[in-house]
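One structure is given here, and the rest of the page talks about it.
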Amino acid sequence: MRRPYRILIALIGTAVLGFAVYASAKRGLADWSTMRWRHEITGWAEHRASPPPEHLQEAITTLIDALALTPDDPTLIEHLGVAIDLRAAGSPPGSESQRLYLAAALFYFRKAAALRPTSPYSWANILLAKYHLDQVDEEFFGAMRNALDFGPWEPAVQLIVADAGLGAWDRLDSGLRGRVSEDLQRAAVRQADALARIATDHRRIDLVCAASFDRMKNQVKCAK
């Protein structure tokens, strides 16, 4: 091989290696800078907490800055969506600010699902955001099916499907009603107390009792 070609190949190899190192460094910086807030957001969401608005805004700002480094990171995108959704939860019910936050959260959940289409959490988040926006449409039904397909035994997914499914029960077709009933059975195995609260909120105790009488009879007043 002639010397000029060897030099060219060496330069290309160096450039590729340099880009890989640069990309890896950006990912590392994004992970490091958001580690605390990703942990906080996960905890707030799991416990349905209402974090101080200034903390929540700092988390959102940090995630947005990190996404400037790694714009196609589905984990950061989804955490940002969850953080914005928490802002929606802290807004006055039915207010314009709440709808704007929900719409923004839905935007990020859709991006996360596009990048990671087999994640049940992305689809469950889309489902719940659509439900809170009262957008019970084909996207809502598709998100419910995907959440059930990819995460039937994920505890958080089970409760989100139960919440949206019981809330939109009258608008579900027979197939989805059957799948939601199966989800209620699974959720009742280890989350009967949380499921009872959801059923009470939606006044659908009859449905969870019908789906899993033995599991739920000690949590709610099931008619025999």
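The values are calculated or read from the model by the stated rules, or taken from the named source; none is laboratory data. Note that the coordinates shown come from a computational prediction; the quantities given were computed from them, not determined experimentally. Every residue, glycine among them, receives a Cβ derived from its backbone with ideal geometry; neighbour counts consider all protein chains shown. Side chains included, ligands, DNA and RNA excluded: accessible areas come from the protein's heavy atoms. Shrake-Rupley method; radii C 1.70, N 1.55, O 1.52, S 1.80 Å.
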To the nearest 10 square angstrom, what accessible area does SER174 show with a 1.4 Å probe?
100 Å²
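Need one word for the stretch 54-124: rounded, prolate or oblate. Basis is the Cα gyration tensor (sqrt eigenvalues a ≥ b ≥ c); a/c below 1.5 gives rounded, then a/b vs b/c decides. Don't skip to the answer; put the middle values down first.
On the way: a/c = 2.43, a/b = 1.33, b/c = 1.82.
Judged from the Cα gyration tensor, the stretch 54-124 comes out oblate (a/c at least 1.5, b/c at or above a/b).
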Quick check: pseudo-label points 7 Å beyond the Cα along Cα→Cβ at ASP170 and LEU100, how many nm apart are they?
3.2 nm
Taking the full set of protein chains and a 1.4 angstrom probe, give the accessible area of TYR101 in square angstrom, rounded to the nearest 10.
60 Å²
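Pull out a ≥ b ≥ c, the square roots of the eigenvalues of the alpha-carbon gyration tensor of the stretch 140-205, then state rounded if a/c is under 1.5, prolate if not and a/b is larger than b/c, and oblate in the remaining case.
Note, shape of the stretch 140-205 comes out oblate.
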Top positive-direction residue, dipole computed over the stretch 75-224 with Cβ charges, set PRO93, CYS222, PRO120
CYS222
The stretch 168-224 versus the stretch 106-121: alpha-carbon centroid distance in Å:
27 Å
Show PHE107, PHE213, PHE150 ordered by accessible area, largest first, where the area counts protein heavy atoms only and the probe is 1.4 Å.
PHE107, PHE150, PHE213
Under the Karplus curve 6.51 cos²θ - 1.76 cosθ + 1.60, θ = phi - 60°, whole-Hz ³J(HN,Hα) for the stretch 63-80, x wherever Gly or Pro sits
5, 4, 4, 5, 5, 5, 7, 10, x, 10, 8, x, 5, 5, 4, 5, 4, 5
Where nothing but the Cβ of Lys and Arg (+1) and of Asp and Glu (-1) is charged, how large is the charge dipole of the stretch 97-219 around its Cα centre, in debye to the nearest 20?
220 debye
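Could you tell me which of rounded, prolate or oblate describes the stretch 47-205, using a ≥ b ≥ c as the square roots of the eigenvalues of the alpha-carbon gyration tensor, with rounded for a/c under 1.5 and, failing that, prolate when a/b is larger than b/c and oblate otherwise?
Working: a/c = 1.81, a/b = 1.49, b/c = 1.22.
Since a/c reaches 1.5 and a/b is larger than b/c, the shape of the stretch 47-205 is classed as prolate.
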